[in-house]
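One structure below.
No value in this document is a laboratory result; all are computed from the given coordinates. This structure is a prediction, so every number in the text was calculated from the model and none was measured. Cβ placement follows ideal geometry from the backbone for every residue including glycine, while neighbour counts extend to all protein chains displayed.
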Amino acid sequence: MLLDYDRMGWLKIALLGFTALVAAFLLLPVVFIVLLSFGSSRWLAFPPPGWTLKWYRDLFADPSWLEAALTSARIATMTAILAVMIGLLASFALVRGQFRGREILRGLLLTPMVLPVVVFAIAIYAFFLRLGLGGTSIGFVIAHTVLALPFAIIPIATALEGFDKSIEDAAIVCGASPFEARLRITLPSIRIGIFSAAIFSFLASWDEVVVAIFMASPSLQTLPVKIWGSLRSDLSPVIAAASSLLVGLTLALMVVTALLQRKVKT
Amino acid sequence: MPAGFNSLLPALVLIVLFFVVPVLALLLRSVTEPEPGLQNYATLLGDGTYARVFFNTFLVAAVVTAVTVVVAFPVAWMLAIMPSALASIIFGVIILSMWTNLLTRTYAWMVLLQRTGVINRALLAIGIIDQPLPLINNLTGVTIGMVYIMLPFMILPLVGTLRAIDPMTLRAAALCGASPIQAFRRILLPLSLPGLAAGGLMVFVMSLGYFVTPALLGGTSNMMLAEMIAQMIQSLLNWGLGSAAAFILLVVIMALYALQLRLVGARRMTGGI
């Protein structure tokens, strides 16, 4: 009866209790950081002696934070667009193509997800130094697209595998060109996969620390590089304020995702 | 969009030009700098200091994997069978934690675990300890921070594995007189083993090469491999030694990746995320 929720007795209570504890553990740092960002203690004492918006004012008073956030947003957007376009094309080949070595190529394209980022980071850093792309936006976008590609291919390929190709064939029989059939029948049907791919590849770039640390230059810093630098010098509450805004962004992204998924289901 | 090989070309060009070539060029440096030969590898494998870094790395990865598997299993089990309204709340928490900026989460743990942090204060207040525990700048801090990051990667695929198990098999076991412990040991656990092995291997591989959390929560005296590689390149500018260390890490991880592909198959694994 171990998989019958209603007939597990005390075991269910114990396991649910444990699950609640783990959920609390997962939630703890996120909630903590938001509370801390409103706390008045410079030394991050908790519970804080009072509440303040000072750290948010400090954050917005320093233009380098906003600049870093805008740089990150720009690079992550370009990365997401590129990764989704390249990933979409690759997914069609990987799912439907009939050629030798398809499985090996699939493995190759997904390798950036498995290889430790630090290895890729120093490799691409050295490579871009020679090409003169170190510390440039283009360099960032290329490196992040490599890292984001697996996260774009996986959801799109999964969606495409679940799509019944005979519907597309039917459109062609009814007179649509193959391109038109893909554009107007297949793409809308796998839009959840494409949307997930866009979110994942955006996050892969937006959150990326290691390549960014190596690639960044004084004139080009992404948000993670800015946070990393501040973390290494001190644990200022301004980081908590910046972090809380990032948590807010994550929540917004989750709500949008949930709404879109609901819309698709109905 | 041709469905044949052609539409794979942009991805292949990107990966070959900006992934395969740079990584191979890096590996070449490990046998050519400062002079041709294998002396970098000899240094890394022959020196006790480096041996300790390798040992630390494997130790932390193994402990993190073990803890993650044990903690994730009951959660995934409940998520697989609980009413969907309740499950979606827990899933929400997991996604929130997973999607929150990595540095944000690590920063939170730095503050929580420090000597005067909330956790030490709470333990002192309850009276479990009478002086603050050293929870940060050591392997304890690294382990806590890494388990936190890895849990979603273990829980989410495991829910899929558990959901695919037919509850009838366990009902049958109970009807035939199996005690819950027997049913767990002889049916539920073996049936979820593929998911556990795949997830565990993934967590182990990710932990081996992890950089951010060990660098921020770990101490200088017990460095992990990824951190050491970054330091060799960034601070010491020793490209030969750094790329040799990177190559060793790469070989270990690729071997484990191959094992994982054999174990679960590329399709199953990629569908897991």
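For the residue pair B:T43 and B:V21, what label-to-label distance in nm results when each label sits 7 Å from Cα along the Cα-to-beta-carbon direction?
2.9 nm
Test of the criteria: in region A:68-127, which chymotrypsin sites (Phe, Trp or Tyr not before Pro) are in a DSSP loop and have at most 14 other Cβ atoms within 10 angstrom of their Cβ?
On the way: sites: A:F92, A:F99, A:F120, A:Y125, A:F127; in loops: A:F99.
Within region A:68-127, the qualifying chymotrypsin sites (Phe, Trp or Tyr not before Pro) (loop, at most 14 other Cβ atoms within 10 Å) are A:F99.
Starting from 0.36 nm per residue, how many nanometres of slack lie between A:C174 and A:Y5 once their C-alpha separation is accounted for?
Full extension of this stretch gives 55.9 nm more.
³J(HN,Hα) across region A:234-250 via Karplus (A = 6.51, B = -1.76, C = 1.60, θ = phi - 60°), whole Hz, x for Gly/Pro?
Each residue of region A:234-250 in turn: 7, 9, 4, x, 4, 4, 4, 5, 4, 4, 5, 5, 5, 4, x, 5, 4 Hz.
Express the relative contact order of chain A as a whole percentage, based on alpha carbon pairs under 8 Å and six or more residues apart in sequence.
On the way: 270 pairs, mean separation 75.7, N = 266.
About 28 percent, as a whole number.
Which residues in region B:198-240 place their backbone N less than 17 Å from a point set 7 Å from the Cα of A:F18 along the Cα-to-Cβ direction?
Residues passing the 17 Å test: B:200.
Quick one: 3J(HN,Hα) in Hz for region B:172-189, Karplus 6.51/-1.76/1.60 with θ = phi - 60°, rounded, Gly and Pro as x.
4, 4, 5, 4, 7, x, 6, 6, x, 5, 4, 4, 5, 5, 9, 10, 4, 5
Give the range of the longest stretch in chain A that excludes all trypsin sites (Lys or Arg not before Pro) found in loop regions by DSSP and having at most 12 other beta-carbon atoms within 10 Å. Provide the component values of the computation, followed by the final result.
Numbers: sites that count: A:R42, A:R100.
The segment A:101-266 is the longest one with no such site.
What length, rounded to one decimal in nm, is gained on full extension from A:V255 through to A:A45, with 0.36 nm per residue of separation minus their alpha-carbon distance? Walk me through the numbers before you get to the answer.
Working: separation 210, 0.36 × 210 = 75.60 nm, distance 3.18 nm.
72.4 nm is the gain from fully extending A:V255 to A:A45.
Mind listing the Cα extents of region A:64-234 along all three principal axes, in Å, largest one first?
64, 34, 27
Please express the Cα-Cα pair-distance distribution P(r) of region B:48-271 as a list of whole percents, one per 10 Å bin, running from 0 to the bin with the greatest distance.
7, 26, 31, 22, 11, 2, 0
Need the C-alpha centroid separation for region B:12-49 versus region B:145-163, integer Å.
After rounding, the separation between the Cα centres reads 33 Å.
Roughly what % of Cα-Cα distances in the protein assembly as shown sit above 45 Å, to the whole percent?
Values: 23464 of 144991 pairs.
Result: 16 percent of Cα pairs exceed 45 Å.
What is the order of A:Y56, B:Y148, fewest Cβ neighbours within 10 Å to most?
Numbers: A:Y56 18, B:Y148 21.
Sorted ascending by nearby Cβ count, the order is A:Y56, B:Y148.
Using Cα-only point scatterers and the Debye equation, what is log10 of I(q)/I(0) for region B:35-146 at each q in 0.15, 0.20, 0.24 Å⁻¹, rounded to two decimals?
-0.93, -1.16, -1.23
Straight-line reach only, C-alpha to C-alpha below 26 angstrom: list the lysines that A:K263 could link to, leaving out same-chain residues fewer than 8 apart.
A:K165
Quantify how much of the Cα-Cα distance distribution of region A:1-99 extends past 23 Å, in percent. Intermediate results must be reported in sequence, preceding the final value.
Values: 3201 of 4851 pairs.
In whole percent, the long-distance tail amounts to 66.
Just how large is the dipole of the protein assembly as shown about the Cα centre, in debye to the nearest 20, putting +1 at every Lys and Arg Cβ and -1 at every Asp and Glu Cβ? If you can, show how the numbers build up before the last one.
Details: 32 positive and 20 negative charges, 171 e Å.
Rounded to the nearest 20 debye, it is 820 debye.
Once phi is turned into ³J(HN,Hα) by the Karplus curve 6.51 cos²θ - 1.76 cosθ + 1.60 with θ = phi - 60°, what whole-Hz value does each residue of region A:88-103 show in order, with x for glycine and proline?
5, 4, 5, 4, 4, 5, 6, 8, 10, x, 10, 8, 6, x, 4, 5
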